[in-house]
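> Before I ask anything, let me first share the structure, which is written out below as structure tokens.
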Amino acid sequence: MVTGGAGFIGSYLANALLTRGDTVVVLDNLQTGRLANLEEASASPRFHFVHGSVLDELVVDELVHQCDVVVHMAAAVGVRLVVEQPLKSLTTNIRGSQVVVEAAHRYRRKILMTSTSEIYGKNSLGPLRETADRILGDPSIVRWGYSTAKAVDEILANCYHRERGLPTIVVRLFNTVGARQSPAYGMVIPRLVQQALRDEPLTVYGDGRQTRCFAHVLDVVDALLRLLDDDAAVGQTFNIGSSEEISIGRLAEAIIARCESRSRIELIPYEEAYGAGFEDMQRRVPDTTKLRALTGWQPRYTLADVLNDAITEARREAAPRADLVSP
Ligand code: UDP
């Protein structure tokens, strides 16, 4: 069972599970997920889609009962969504996870809980190990509400493991990119690519010197499968992400060059982008030693591959579809 499986990463995971012969049930409320993401999965007779929410205890109970492993990905994600709808993000992420973990416990199902690099907050010392300190600002800054909700999810999973013996795995996903990632929820690469292809200014927030590492979604899914299959991963927490660090300013330049765009870069103050009282992290780099040592995982894609895929897909989406063009 993949909650949030119509989302960007969840849909790739569903495809990978089907390809290796599993039967997959996706539960998704389609608020940020899209049915179009499941086009490939839907072709399989071993795929089932349920339109519903992780907040619906009856639906979750029934589906978890039918499955043997649960991957909990359903969440209100994306900095823009979190900033615009902090209450919804908080309740979905805390209450939804509680419903799913409780059902997993009821039927003794292994559960993989997806968490986030936001856990580390403003700790910019990078590369960040799983044991690195969390450095969060004032809780009235809404961004830290998301980090806190996800920390509650992690604690919930860990408590169920330690006190009730539930087989749980926690993963912290760092920035993940690939075809089909929507620009609608604020993620930087699909946004900048869309702007470059339209020859619009590329909106770089702050001074553009903040850095991130962007992993290819297929590498992330590979890591998820390896952890799901490894009994030694149970009861543990793992970072998943790329180590190729780039500033957002340099990223914007690279996107303009690759798109052969006439766009320029426009620096936008954070308060203009996200409202007053927003805090960003200056540097975010994962240490993935633990994941590599346990599973032998290694990324197969570079940042250049990530950008090429994002650009190819955005070009394809922007092009008029032949079957929709009138004769
Ligand atoms: N960002 C940007 N322009 C945009 C969207 C995002 O400069 O149009 C910046 C954002 O402020 C952050 C980085 O790009 O420093 C990555 O943002 P994203 O929302 O993709 O992920 P985050 O790492 O913040 O979770």
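The values are calculated or read from the model by the stated rules, or taken from the named source; none is laboratory data. On a predicted model such as this, the values are computed, not experimentally measured, just so you know. Glycine gets a Cβ as well: all are built from the backbone with ideal geometry, and neighbour counts include every protein chain shown. Heavy atoms of the whole protein, side chains included, go into the accessibility calculation; ligands, DNA and RNA do not. Shrake-Rupley method; radii C 1.70, N 1.55, O 1.52, S 1.80 Å.
> Out of (1) within 16 Å of the ligand (Cβ to nearest atom); (2) among the polar types (S, T, N, Q); (3) closer than 21 Å to residue 7 by Cα; (4) touching an Asp or Glu at 6+ places or on another chain (Cβ under 6 Å), the odd one out for residue 89 is which?
Here residue 89 clears every test but (4).
> Working only within region 150-200, note down all residues that are among the aliphatic types (A, V, I, L, M) and at pLDDT below 95.
Passing the criteria: 179, 184, 187.
> For region 260-275, indicate whether the set of residues that are more than 16 Å from the ligand (Cβ to nearest atom) and of a type in the set (Gly, Ala, Ser) is non-empty.
Looking through region 260-275, none of the residues is more than 16 Å from the ligand (Cβ to nearest atom) and of a type in the set (Gly, Ala, Ser).
> Find all pairs meeting these conditions: Cβ atoms under 6 angstrom apart; at least six residues apart or on different chains; first residue within region 195-221 and without any contact (Cβ under 8 Å) to a residue 60 or more places away in the chain; second residue part of a helix (DSSP H, G or I).
Listed pairs, sorted by first residue: 208/248; 208/249.
> Would you list the helices (runs of 4 or more DSSP H) that sit entirely within region 15-96 and hold 1 or more residues that are surrounded by 15 or more Cβ atoms within 10 Å (Cβ to Cβ) and touching a residue at least 60 places away in the same chain (Cβ under 8 Å)?
57-66, 79-84
> Continuing with this model, one more query. Out of 131, 176, which single residue is among the hydroxyl-bearing types (Ser, Thr, Tyr) and free of Cβ contacts under 8 Å to residues at least 24 places away in the same chain?
131
> Being small (Gly, Ala, Ser), under 26 Å from residue 109 (Cβ atoms) and more than 21 Å from the chain's Cα centre (by Cα), is that true of even one residue in region 219-234?
Yes: one or more hits.
> Still on this model: Look at region 105-137 and say how many of its residues are crowded, with 16+ Cβ neighbours inside 10 Å and out of contact with any His (no Cβ under 8 Å at 6 or more places or on another chain).
Number satisfying all stated conditions: 19.
> Does residue 117 satisfy being under 26 Å from residue 143 (Cα atoms), within 16 Å of the ligand (Cβ to nearest atom) and out of contact with any helix residue (DSSP H, G or I) (no Cβ under 7 Å at 6 or more places or on another chain)?
yes
> List the number of the failed condition for residue 146; all other conditions in (1) surrounded by 22 or more Cβ atoms within 10 Å (Cβ to Cβ); (2) within 17 Å of residue 13 (Cβ to Cβ); (3) modelled with pLDDT under 95 hold.
With respect to (1) surrounded by 22 or more Cβ atoms within 10 Å (Cβ to Cβ); (2) within 17 Å of residue 13 (Cβ to Cβ); (3) modelled with pLDDT under 95, residue 146 is out only on (2).
> Anything in region 108-160 that is among the small types (Gly, Ala, Ser) and assigned to a helix (DSSP H, G or I)? List them, or say none.
Answer for region 108-160, where residues must be among the small types (Gly, Ala, Ser) and assigned to a helix (DSSP H, G or I): 117, 145, 147, 149, 151, 157.
> Tell me, yes or no, whether region 161-183 has at least one residue that is of a type in the set (A, V, I, L, M, F, W, C), open to solvent by 60 Å² or more (accessible area, probe 1.4 Å) and either farther than 22 Å from residue 12 by Cβ or assigned to a strand (DSSP E or B) (or both).
Scanning region 161-183 turns up no residue that is of a type in the set (A, V, I, L, M, F, W, C), open to solvent by 60 Å² or more (accessible area, probe 1.4 Å) and either farther than 22 Å from residue 12 by Cβ or assigned to a strand (DSSP E or B) (or both).
> Here's another thing I want to ask about it. Restricting region 125-167 to residues that are in contact with a strand residue (DSSP E or B) (Cβ under 8 Å, 6 or more places away or on another chain) and among the acidic types (Asp, Glu), which is nearest to residue 275 (Cα to Cα)?
153
> Could you list all residues from region 274-293 that are in contact with a strand residue (DSSP E or B) (Cβ under 8 Å, 6 or more places away or on another chain) and open to solvent by 60 Å² or more (accessible area, probe 1.4 Å)?
Answer for region 274-293, where residues must be in contact with a strand residue (DSSP E or B) (Cβ under 8 Å, 6 or more places away or on another chain) and open to solvent by 60 Å² or more (accessible area, probe 1.4 Å): 282, 283, 290.
> Does residue 198 satisfy the criteria of being open to solvent by 10 Å² or more (accessible area, probe 1.4 Å), within 24 Å of residue 264 (Cβ to Cβ) and away from the ligand (no atom under 12 Å from the Cβ)?
Judged against the criteria, residue 198 is a match.
> Which one is most open to solvent (accessible area, probe 1.4 Å), of the residues in region 201-241 that are more than 24 Å from residue 15 (Cβ to Cβ) and away from the ligand (no atom under 14 Å from the Cβ)?
Among those that are more than 24 Å from residue 15 (Cβ to Cβ) and away from the ligand (no atom under 14 Å from the Cβ), it is 231.
> Could you tell me which of the residues 134, 95, 109, 80 is at pLDDT 95 or above and farther than 21 Å from residue 27 by Cβ?
Just a single option satisfies the conditions, and that option is 134.
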